[in-house]
Every structure is written in C-alpha cells, then in structure tokens.
Amino acid sequence: MPANVEIKARIPSVDALLPLATALGDDEHPQLIHQDDTFFSVPHGRLKLRVFGDGSGELIAYQRPDAEGPKVSDYEISPVSEPESLREVLTRSCGLLGRVRKHRLLVLVGATRIHLDRVEGLGEFLEIEVVLQPGQSEADGQAEARALMASLGVGPEALVSGAYLDLLRATAAAPSAA
C-alpha cells in the first residue's frame with residue numbers, strides 16, 4: 001500500500017507562501033486544482049470521493065492518525081468514471097459525513113507535494129505530502145516535511161491535526177459568539 005508523511009498547517013496567506021514554495025519547486029508555475037471531497041461513514045479509516053473541476057473523480061481510502069506534526073498516511077486510490085452517481089450510491093449505503101471544497105495550488109519538489117489550499121469555510125492552509133519512496137523510512141519523510149516547513153517559514157505552532165472535514169465539523173459544532 002502506498003504511504004506518505006503528511007503535515008497540515010494553518011497559514012495567514014496562500015499568496016504570501018506561494019513565492020517561497022515555487023522557489024523550492026521543480027516548476028515555476030504551480031498547478032491549480034479544484035477539489036470537492038465527500039466523506040462517508042466507514043468502520044475503518046476514512047473514505048472520500050474526490051471530484052475534480054473537470055468532472056473526473058477518484059475514490060480514496062486512507063488511514064492516518066489525527067495528530068499534529070508529520071504523520072504517516074496509508075492509502076489506496078481508484079479512478080472513478082461517474083463520480084456523481086457513485087456519491088449517491090455511497091451516501092445511501094454508507095452515510096454521508098460531510099463535504100470539503102477547496103482550491104489547491106500544487107507545487108512539486110521531487111516526489112513531495114506542497115499544497116497551498118483555500119478551503120471553503122475554513123481559510124488558508126499548507127499541506128505537505130512526502131511520498132515515501134522504496135527504502136525511504138518514515139523518519140526520513142518526517143525530516144523532509146520538517147525541513148520544508150522551515151524553508152517555508154511555517155512553525156510548529158501552526159500545525160493542525162485531523163482532516164479538513166474534522167475542522168469544518170468542529171467549526172460547525174462550536175457555539176457562535178453573540
């Protein structure tokens with residue numbers, strides 16, 4: 001099963017981090033990706049249907065601890081030819097947990113993916129995914145993630161745990177200030 005080391009951090013501005021990320025990247029032009037992720041209730045790990053701006057999709061099953069800092073995520077991805085009808089089938093059979101819509105700028109640094117995300121209802125985030133290569137240890141991936149965080153000027157106090165869905169659900173559950 002493929003694995004990566006991930007970090008997620010709240011950032012004040014995608015625009016401020018973009019020049020730093022592109023200076024580290026393999027290409028000076030980041031890729032803009034529109035993603036609509038639907039999460040379903042499952043007994044183990046997480047299951048999400050990702051639909052891209054062009055209408056294509058993929059079903060992603062993954063397991064990852066909900067902790068701050070670099071963490072390993074094991075995942076499987078399957079392409080989906082009819083994501084909208086699959087969303088309905090999975091909602092009826094598994095139950096819907098929620099949806100996350102985001103605009104993502106992707107910068108590649110070798111096999112590592114730097115995501116600068118604008119998440120509807122949450123704000124702006126940095127996500128780093130160090131795709132572990134054969135023979136690369138979890139510790140190596142964590143060191144690479146920390147080094148990229150430092151290069152981008154993002155400190156450990158900005159780290160968040162869980163998925164965007166968890167943050168959205170916590171925001172919705174929090175009492176509003178009157």
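Most exposed first by the Cβ proxy, i.e. fewest other Cβ within 10 Å, how do LEU148, LEU126 rank? Intermediate values should be presented prior to the final figure.
Values: LEU148 20, LEU126 23.
Least crowded to most crowded, the residues run LEU148, LEU126.
To the nearest 10 degrees, how steeply does helix 138-151 sit against the main Cα axis of the chain, on a 0 to 90 scale?
Once rounded, the angle reads 70 degrees.
Work out the FRET efficiency for GLU68 and ALA23 from their Cβ-Cβ distance, taking R0 = 22 Å, and round it to the nearest 0.05. Intermediate results must be reported in sequence, preceding the final value.
Numbers: r = 26 Å, r/R0 = 1.18.
Result of the calculation: an efficiency of 0.25.
First select every other residue whose beta carbon is under 9 angstrom from the beta carbon of LEU126; then total the charges, Lys and Arg +1, Asp and Glu -1. The partial results should precede the final answer.
Numbers: positive: LYS8, ARG10; negative: ASP117, GLU124, GLU127.
Local charge sum for LEU126: -1.
So what's the gap between the Cα centers of the range 28-89 and the range 120-178, to the nearest angstrom?
16 Å
Order these by the 10 Å Cβ neighbour count, fewest first: HIS103, HIS115, HIS44. Show your work: numbers first, answer last.
On the way: HIS103 16, HIS115 21, HIS44 7.
In order of increasing Cβ crowding within 10 Å: HIS44, HIS103, HIS115.
Between ARG64, ARG46, ARG92, where does the largest GNM mean-square fluctuation fall for the chain, given springs only between Cα atoms within less than 10 Å?
The residue with the greatest mean-square fluctuation here is ARG92.
Compute the acute angle (0 to 90°) between the alpha-carbon long axis of helix 14-24 and the principal axis of greatest extent of the alpha-carbon atoms of the chain; round to the nearest 10°.
It is inclined by approximately 60 degrees.
Where does the chain land on Rg/Rh, using Cα atoms and the Kirkwood Rh? It would help to have the intermediate numbers written out before the result.
Working: Rg = 16.3 Å, Rh = 17.0 Å.
Result: Rg/Rh = 0.96.
Calculate for the chain the 222 nm mean residue ellipticity that helices alone would give, adding -39,500 (n - 2.57) per DSSP H run of length 4 or more and normalising by residue count, nearest 500 deg cm²/dmol.
Values: 4 runs with 47 residues, N = 178.
Result for the chain, helices only: -8000 deg cm²/dmol.
Where nothing but the Cβ of Lys and Arg (+1) and of Asp and Glu (-1) is charged, how large is the charge dipole of the chain around its Cα centre, in debye to the nearest 20? Don't skip to the answer; put the middle values down first.
Values: 17 positive and 26 negative charges, 111 e Å.
The dipole magnitude comes to about 540 debye.
No solvent, one uniform scatterer per C-alpha: report log10 I(q)/I(0) for the range 1-92 via the Debye equation at q = 0.15, 0.18 1/Å, two decimals.
The Debye formula, applied to the Cα set alone, gives -0.80, -1.05.
Starting from the 7 Å offset along Cα-to-Cβ, what nm value, one decimal, do you get for the label separation of SER13 and GLU157?
Label at SER13, label at GLU157, 1.9 nm between them.
What list do you get for THR91, THR38, THR171 if you sort them by fewest beta carbons within 10 Å?
Values: THR91 15, THR38 22, THR171 12.
In order of increasing Cβ crowding within 10 Å: THR171, THR91, THR38.
Could you work out how far helix 164-173 tilts from the main Cα principal axis of the chain, as a 0 to 90 degree angle to the nearest 10?
Result, in degrees: 60.
Mind checking the full-extension length gain between ARG92 and ALA150? Use 0.36 nm per residue of separation minus the Cα-Cα distance, one decimal, nm.
Stretched out fully, the ARG92 to ALA150 stretch lengthens by 16.5 nm.
Rule-based calculations on the coordinates, nothing more; no lab input. If you're wondering where the values come from, they're calculated on a predicted model, not measured in any experiment. Glycine also receives a Cβ, built like all others from the backbone with ideal geometry; neighbour counts cover every protein chain displayed.
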